[in-house]
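In what follows, a single structure is set out as structure tokens and then discussed.
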Amino acid sequence: MGAAESLPHATPAVVPPVRRTLHFGAGPEWSISQLGATAAAMGGVLVYLASLHLAAGGFDSLWWALVLLPLLTMAWAGSAAPLVYWALLLYGWFTLSPAGSFSWWSLPAAAGCIVAHAATALSASSPPAGSFTARTAGRWARHTAVALLAAVPVAVLAGVLSGFSLGIAPAAYVLGLGGVAVGLWLVRTSPPAQHE
């Protein structure tokens, strides 16, 4: 047996992927994926507020500051803070838009709400320095697309019904908003399951 035959076969070393992270002051490290999810949430809020501005015919400029809130609360993505935040934004829609009116701007507003909520939920599924695989991001994108597609027939139905006097009491709006909050809470606590 020669010397070359007695040596064990060398296996190539597995090099873990390099994760790029950022520090903001003394806080935790944040991955590029987490910052991207936060940017998507801010973009969704911006679309929502722009739609509200057009549907309501304008509002106080202080409302625009709410675009920055996802950046300030990204450490609490897995808590109830985003639900409280969106309750405030939805409350703004009902108080700033004309009572009893329907606006087609509600459709892009719903898209902004869905994207921002999905980005926040995706962010909550990983630690601050963690990153998302392309498969995970694709799965969340598919679920977001389904929600966006579901918003279209709801908006069409609301547009059709807006011409009729249904006499819906303000309590119905509160119950509807409560149902949305419960639905969002259920989605946040039961994220889409992975299919292997």
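Numerical summary
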read-out	value
Some residue of segment 136-148 being in a loop (DSSP other than H, G, I, E, B) and within 18 Å of the chain's Cα centre (by Cα)	no
Verdict on SER106 being of a type in the set (Ser, Thr, Tyr) and closer than 18 Å to TRP30 by Cα	no
ALA121 being small (Gly, Ala, Ser), more than 14 Å from VAL45 (Cα to Cα) and in a helix (DSSP H, G or I)	yes
Residues of segment 83-94 satisfying the condition of being open to solvent by less than 70 Å² (accessible area, probe 1.4 Å) and of a type outside the set (A, V, I, L, M, F, W, C)	TYR85, GLY92
Only one of PRO98, PRO128 that is more than 30 Å from ALA158 (Cα to Cα) and either at pLDDT below 85 or among the aromatic types (Phe, Trp, Tyr) (or both)	PRO128
ALA141 being modelled with pLDDT of 80 or more, open to solvent by less than 80 Å² (accessible area, probe 1.4 Å) and of a type in the set (Gly, Ala, Ser)	yes
Segment 66-82, residues that are in contact with a helix residue (DSSP H, G or I) (Cβ under 7 Å, 6 or more places away or on another chain), in contact (Cβ under 8 Å) with a residue 40 or more places away in the chain and surrounded by fewer than 17 Cβ atoms within 10 Å (Cβ to Cβ)	GLY78
Top-ranked residue of segment 127-138 - restricted to ones that are small (Gly, Ala, Ser) and under 19 Å from ALA77 (Cα atoms), ranked as most open to solvent (accessible area, probe 1.4 Å)	SER131
Condition check for TRP76: modelled with pLDDT of 85 or more and of a type outside the set (Lys, Arg)	no
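The values are calculated or read from the model by the stated rules, or taken from the named source; none is laboratory data. Quick caveat, the model's predicted, so the values are computed rather than measured. Cβ: placed from backbone, ideal geometry, glycine included. Neighbour counts: every protein chain shown. The protein model used for the area step is the full one, side chains on, heavy atoms only, and it has no ligands, DNA or RNA in it. Shrake-Rupley method; radii C 1.70, N 1.55, O 1.52, S 1.80 Å.
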